[in-house]
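First the structure, in the form of structure tokens, and then the observations on it.
The values are calculated or read from the model by the stated rules, or taken from the named source; none is laboratory data. Predicted model only: the values in this text are computed from it and were never measured. All Cβ positions, glycine included, derive from the backbone under ideal geometry; neighbour counts span all protein chains shown. When the accessible area is computed, the model is the full protein with side chains, heavy atoms only, and any ligands, DNA or RNA have been set aside. Shrake-Rupley method; radii C 1.70, N 1.55, O 1.52, S 1.80 Å.
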Amino acid sequence: MSTLIKADEFKTLLCDGRPMLDVRAPVEFNQGAFPHVSNIPLLNDEQRQQVGLCYKAQGQDQAVQLGHELISGETKSQLIERWKSFCQKNPNAYLYCFRGGMRSHIVQQWLQEEGVKIPLIEGGYKAMRSYLLDVLEKPLNLLRISGQTGVGKTDLLVKLQNKIDLEALANHRGSAFGKQLSRQPSQIDFENNLAIEILKKEPHNNDPVIVEDEGRYIGSINLPHTFIQNMKRAPVIILTCPQEQRVDRIFKDYVVSKEKAYIEIHPENGVRLFADSLQLALQNIQKRLGGVRYKHLSKIMQ
């Protein structure tokens, strides 16, 4: 097995969902990562800060020495066992830190001393992130599905093959009432996942990639500028349906199904939490509705 994975292999690595061992500190991992990644850090957040301060004040040699002092004895043994367990469960895994530098090389060496081999990713997280940002800057052949809320855009999209479900990636339905119970991904995670989806569609370049027409934001997620420009240039299919069907679909998706989800996760107070979420969503569009209309709708909702 090769000990170094280079940039020309990034596409296969990311699109095939290969397992990866990320040894960055938790604060780095939470800012952005990739699918199919496990974070088992060499240094925790506090230790990373200590080593960083030492590096600035006393240089690399002293920082490395401090790192070895912090990760020694039982702490080191426990970490090695966690890494070994991961490698045994994922024999085709790859290893990286932020820049593919000292931390990942230390982990690779310690594992090799235990008889475990795991290849490094050249340039680490930073190189793969840069690669995916370049993907987001490329022209993309898109086809938009548009229409009013409730016409069934998402229902159609899930039945299609060569599509990217932006709302699924953003974990948000896109409308004022579209917030899901679980949190949205970080902006960086969304961008990474979107770029990987684009890479997966490249073999089908003769056919347009189908997306639901979106504004600049999906909840708190900001769609990349170039992707927005690609969408604006794309042809559009506008779906329509009778208002009664729109009402039925919206009621099912935003009321019946969502209330059920709240109750399943919060059996004791799910109905109240669901009601609060509706009122909060209404408050968020108060300016758009105007004060009189907002008060009227809020009273009806209560």
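The table that follows gives values for the structure above.
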read-out: Matching residues, region 168-187, being surrounded by 17 or more Cβ atoms within 10 Å (Cβ to Cβ) and among the hydroxyl-bearing types (Ser, Thr, Tyr); value: 175
read-out: Qualifying position, being of a type in the set (Val, Ile, Thr), touching a residue at least 12 places away in the same chain (Cβ under 8 Å) and not in a helix (DSSP H, G or I), among 237, 198; value: 237
read-out: Region 70-81, residues that are open to solvent by less than 70 Å² (accessible area, probe 1.4 Å) and under 19 Å from residue 112 (Cα atoms); value: 71, 72, 73, 75, 76, 77, 79, 80
read-out: Within region 244-301, considering residues that are outside any helix (DSSP H, G or I) and within 27 Å of residue 183 (Cβ to Cβ), the one most open to solvent (accessible area, probe 1.4 Å); value: 268
read-out: Elements of type helices (runs of 4 or more DSSP H) in region 1-69, at least 2 residues being open to solvent by 80 Å² or more (accessible area, probe 1.4 Å), without any contact (Cβ under 8 Å) to a residue 60 or more places away in the chain and more than 19 Å from residue 193 (Cα to Cα); value: 45-58
read-out: Sole exception among (1) surrounded by fewer than 20 Cβ atoms within 10 Å (Cβ to Cβ); (2) assigned to a helix (DSSP H, G or I) for residue 190, by number; value: (1)
read-out: Those residues of region 112-161 which are among the basic types (Lys, Arg), part of a helix (DSSP H, G or I) and over 21 Å from the mean Cα position of the chain (by Cα), in sequence order; value: 153
read-out: Total residues in region 202-229, condition surrounded by fewer than 19 Cβ atoms within 10 Å (Cβ to Cβ), part of a helix (DSSP H, G or I) and either within 11 Å of the chain's Cα centre (by Cα) or not β-branched (Val, Ile, Thr) (or both); value: 5
read-out: Only listed residue being acidic (Asp, Glu) and touching a residue at least 40 places away in the same chain (Cβ under 8 Å), chosen from 122, 114; value: 122
read-out: Conditions (1) in contact with a Lys or Arg (Cβ under 9 Å, 6 or more places away or on another chain); (2) more than 19 Å from residue 189 (Cβ to Cβ); (3) assigned to a helix (DSSP H, G or I); (4) open to solvent by less than 40 Å² (accessible area, probe 1.4 Å): number failed by residue 84; value: (1)
read-out: Checklist (1) touching a residue at least 24 places away in the same chain (Cβ under 8 Å); (2) of a type in the set (Lys, Arg); (3) under 30 Å from residue 202 (Cα atoms) applied to residue 159, failing item; value: (1)
read-out: The one condition in (1) surrounded by fewer than 19 Cβ atoms within 10 Å (Cβ to Cβ); (2) of a type in the set (A, V, I, L, M, F, W, C); (3) farther than 16 Å from residue 236 by Cβ that residue 160 fails to fulfil; value: (3)
read-out: Residue 137 buried (at least 19 other Cβ atoms within 10 Å of the Cβ) and of a type in the set (Asp, Glu); value: no
read-out: Unique match (being of a type in the set (Val, Ile, Thr) and farther than 30 Å from residue 296 by Cβ) among 263, 250, 218, 210; value: 210
read-out: Region 268-290 residues that are within 19 Å of residue 219 (Cα to Cα), paired with ones that are acidic (Asp, Glu) and surrounded by 15 or more Cβ atoms within 10 Å (Cβ to Cβ) (beta carbon under 8 Å, 6 or more apart); value: 274/259
read-out: Region 193-223, residues that are within 19 Å of residue 177 (Cβ to Cβ) and of a type in the set (A, V, I, L, M, F, W, C); value: 218, 221
